[in-house]
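Novice: Can you read through this structure? Questions will come right after.
The values are calculated or read from the model by the stated rules, or taken from the named source; none is laboratory data. Here the structure is a predicted model, which is why all the values come from computation and not from measurement. Every residue, glycine among them, receives a Cβ derived from its backbone with ideal geometry; neighbour counts consider all protein chains shown. Accessible surface is based on the protein model in full, side chains and every heavy atom, while ligands, DNA and RNA are left aside. Shrake-Rupley method; radii C 1.70, N 1.55, O 1.52, S 1.80 Å.
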Amino acid sequence: MARALGRPLGKCRFYSLTPSSSFCTEGDGFQSSRVKIFDRDLKRKQDCRKTFPTSLCLGGSLEAVRRLLHGRGGIEKLIMMDMSFDMIKALKDTDDKYSNENLETFYVVGDEEFLPMKANSVDLIVSCLGLHWTNDLLGAMIQSRLALKPDGLFLASILGGETLKELRIACTIAQMEREGGISPRLSPLAQVRDAGNLLTRAGFTLPGVDVDGYTVKYDSALELIEHLRSMGETNALLQRNHILKRDTALATAAVYQSMFGHEDGTVPATFQVMYMTGWKEHPSQQKAKRRGSATASFQDIQRQFGNNSS
């Protein structure tokens, strides 16, 4: 069975997006973006002919995931899990909108770091833009692997370390000028080089990591900050400075505009999305040959084909 569910790390692809004029969280502005991101993630799953009867969706963009998972991957039982009772209740209230007689849906309030699932109980675990909020990302991934059945698939997308790099630079410069020091204003995020290591350390086989870059245009840095607040994607650190002085905020906007502003007056914001795929070990999976088991050397290959190379 071929599992072409992740391409080697290569050149990062970038897409230009424009946010909705309204930042109302009840609209489709955020969900449509998350739908597009997770749809790109699901295309990796469609490359595999394997079916996943029992699937678990971890907290994050649950609405986007539910909208796209229906009818895909042979899913018969879908478990939607989130730490927020209000989020689960909101999903349950809209269950009729996505009703499907061939799909049984369950709703669970739970924490990714204390996964309330039995070992070897699900075929697929998916997460869209939610795991970057966990305190122990490696521990959450290990528990996900334990919950998977043999030959089960872990499929996740998280924000990478290059996300909002422009805002980080502008905040640092503005704080140094106005306050004489800096404090973290954005949550720490995993780097691309860490993603493959996390999959391997969590015990997944056939790890795959892919990266996409999205550049979103805003009228100003202050509009970007308001957008982040509306999405609930502000600083998650417990020990952080809860006060942002007015002159520091205005200085941040001015630095942002002067360093990264476009000719039309807009400012860019970079969002890096890392897609991770990993499988739970199974005897049917392809494995690397034992070291020293090769029957031909590179010198033999060079002698045979070297003269024909241009």
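Novice: From GLN143, GLN191, grab the single residue that is surrounded by 19 or more Cβ atoms within 10 Å (Cβ to Cβ), polar (S, T, N, Q) and in contact (Cβ under 8 Å) with a residue 12 or more places away in the chain. Talk me through it step by step, then tell me what you get.
Specialist: Details: GLN191 fails: surrounded by 19 or more Cβ atoms within 10 Å (Cβ to Cβ).
Result: GLN143 is the single residue among GLN143, GLN191 that is surrounded by 19 or more Cβ atoms within 10 Å (Cβ to Cβ), polar (S, T, N, Q) and in contact (Cβ under 8 Å) with a residue 12 or more places away in the chain.
Novice: A further question on this structure: Among TYR214, TYR218, which is the only one that is over 17 Å from the mean Cα position of the chain (by Cα) and buried (at least 18 other Cβ atoms within 10 Å of the Cβ)? Spell out how you get there, then give the answer.
Specialist: On the way: TYR214 fails: over 17 Å from the mean Cα position of the chain (by Cα).
Of the residues listed, the single one that is over 17 Å from the mean Cα position of the chain (by Cα) and buried (at least 18 other Cβ atoms within 10 Å of the Cβ) is TYR218.
Novice: For ALA251, all conditions in the list (1) in a loop (DSSP other than H, G, I, E, B); (2) in contact (Cβ under 8 Å) with a residue 40 or more places away in the chain hold save one; what is the number of the exception?
Specialist: Every condition holds for ALA251 apart from (1).
Novice: Check region 279-295 and report whether any residue there is assigned to a strand (DSSP E or B), closer than 30 Å to SER144 by Cα and either open to solvent by 50 Å² or more (accessible area, probe 1.4 Å) or among the hydrophobic types (A, V, I, L, M, F, W, C) (or both). Walk me through how you get there before you give the answer.
Specialist: Of region 279-295, the ones assigned to a strand (DSSP E or B) are 279.
Filter again for closer than 30 Å to SER144 by Cα, leaving 279.
Retained after the next criterion (residues that are either open to solvent by 50 Å² or more (accessible area, probe 1.4 Å) or among the hydrophobic types (A, V, I, L, M, F, W, C) (or both)): 279.
Yes, because at least one residue in region 279-295 is assigned to a strand (DSSP E or B), closer than 30 Å to SER144 by Cα and either open to solvent by 50 Å² or more (accessible area, probe 1.4 Å) or among the hydrophobic types (A, V, I, L, M, F, W, C) (or both).
Novice: Scan region 48-68 residue by residue and report those that are more than 15 Å from LEU129 (Cβ to Cβ) and surrounded by 13 or more Cβ atoms within 10 Å (Cβ to Cβ).
Specialist: Keep residues of region 48-68 that are more than 15 Å from LEU129 (Cβ to Cβ), which gives 48-56.
CYS48, LYS50, PHE52, PRO53, THR54, SER55, LEU56 - these are the residues of region 48-68 that are more than 15 Å from LEU129 (Cβ to Cβ) and surrounded by 13 or more Cβ atoms within 10 Å (Cβ to Cβ).
Novice: While we're looking at this one, here's another question. Residues in region 135-158: is at least one in contact with a Ser or Thr (Cβ under 6 Å, 6 or more places away or on another chain), at negative phi and not small (Gly, Ala, Ser)?
Specialist: yes
Novice: Which residue, of ARG246, ARG229, ARG240, ARG193, is farther than 28 Å from LEU131 by Cβ and at pLDDT below 90?
Specialist: On the way: ARG229 fails: farther than 28 Å from LEU131 by Cβ; ARG240 fails: farther than 28 Å from LEU131 by Cβ; ARG193 fails: farther than 28 Å from LEU131 by Cβ.
Result of the check over ARG246, ARG229, ARG240, ARG193: ARG246.
Novice: Check ARG246, ARG240 and return the single one that is surrounded by fewer than 16 Cβ atoms within 10 Å (Cβ to Cβ) and either closer than 15 Å to ARG168 by Cβ or in contact with a His (Cβ under 9 Å, 6 or more places away or on another chain) (or both).
Specialist: On the way: ARG246 fails: either closer than 15 Å to ARG168 by Cβ or in contact with a His (Cβ under 9 Å, 6 or more places away or on another chain) (or both).
Only one candidate qualifies: ARG240.
Novice: Pairs only if they're at least six apart or on different chains, beta carbon under 8 angstrom, first in region 211-234 and farther than 18 Å from SER61 by Cα, second open to solvent by 50 Å² or more (accessible area, probe 1.4 Å) and acidic (Asp, Glu); list them, first residue then second.
Specialist: GLY213/GLU162
Novice: Does region 198-238 hold any residues that are of a type in the set (S, T, N, Q) and out of contact with any Pro (no Cβ under 9 Å at 6 or more places or on another chain), and which are they? Explain how you work it out, then say what you get.
Specialist: Taking region 198-238 and keeping what is of a type in the set (S, T, N, Q), we get 200, 205, 215, 220, 230, 234-235.
Answer for region 198-238, where residues must be of a type in the set (S, T, N, Q) and out of contact with any Pro (no Cβ under 9 Å at 6 or more places or on another chain): THR205, SER220, SER230, THR234.
Novice: Also: When the residues of region 90-108 are filtered to those that are more than 30 Å from TYR214 (Cα to Cα) and buried (at least 16 other Cβ atoms within 10 Å of the Cβ), which remaining residue is modelled with the lowest pLDDT?
Specialist: LEU103
Novice: On to the next question. Would you pick out the residues in region 255-310 that are more than 30 Å from ALA195 (Cα to Cα), touching a strand residue (DSSP E or B) at 6+ places or on another chain (Cβ under 7 Å) and of a type in the set (Val, Ile, Thr)?
Specialist: Answer for region 255-310, where residues must be more than 30 Å from ALA195 (Cα to Cα), touching a strand residue (DSSP E or B) at 6+ places or on another chain (Cβ under 7 Å) and of a type in the set (Val, Ile, Thr): just THR266.
Novice: Here's a follow-up. On the basis of being polar (S, T, N, Q), within 17 Å of the chain's Cα centre (by Cα) and closer than 20 Å to GLY203 by Cα, does SER157 make the cut?
Specialist: Criteria met by SER157.
Novice: Just to be sure I understand, how many residues within region 117-139 are in contact (Cβ under 8 Å) with a residue 60 or more places away in the chain and closer than 24 Å to ASP212 by Cβ? I'd like the intermediate steps shown before the answer.
Specialist: Applying the first criterion (in contact (Cβ under 8 Å) with a residue 60 or more places away in the chain) to region 117-139 yields 117, 121-131, 133, 137-138.
Still in the running and closer than 24 Å to ASP212 by Cβ: 124-131, 133, 137-138.
The qualifying residues number 11.
Novice: Let me ask something else about it. Show the residue pairs meeting these rules: Cβ distance below 6 Å; 6+ apart or different chains; first residue within region 160-171 and over 24 Å from LEU137 (Cα atoms) and assigned to a helix (DSSP H, G or I); second residue among the hydrophobic types (A, V, I, L, M, F, W, C) and open to solvent by 10 Å² or more (accessible area, probe 1.4 Å).
Specialist: Here the result reads GLU166/PHE260; ALA170/VAL255, each pair linking region 160-171 to a residue that is among the hydrophobic types (A, V, I, L, M, F, W, C) and open to solvent by 10 Å² or more (accessible area, probe 1.4 Å).
Novice: Considering only region 263-278, state which residues are part of a loop (DSSP other than H, G, I, E, B) and open to solvent by less than 70 Å² (accessible area, probe 1.4 Å).
Specialist: So the first thing to find is which residues in region 263-278 are part of a loop (DSSP other than H, G, I, E, B), and the list is 263-266.
Matches in region 263-278: GLY265, THR266.
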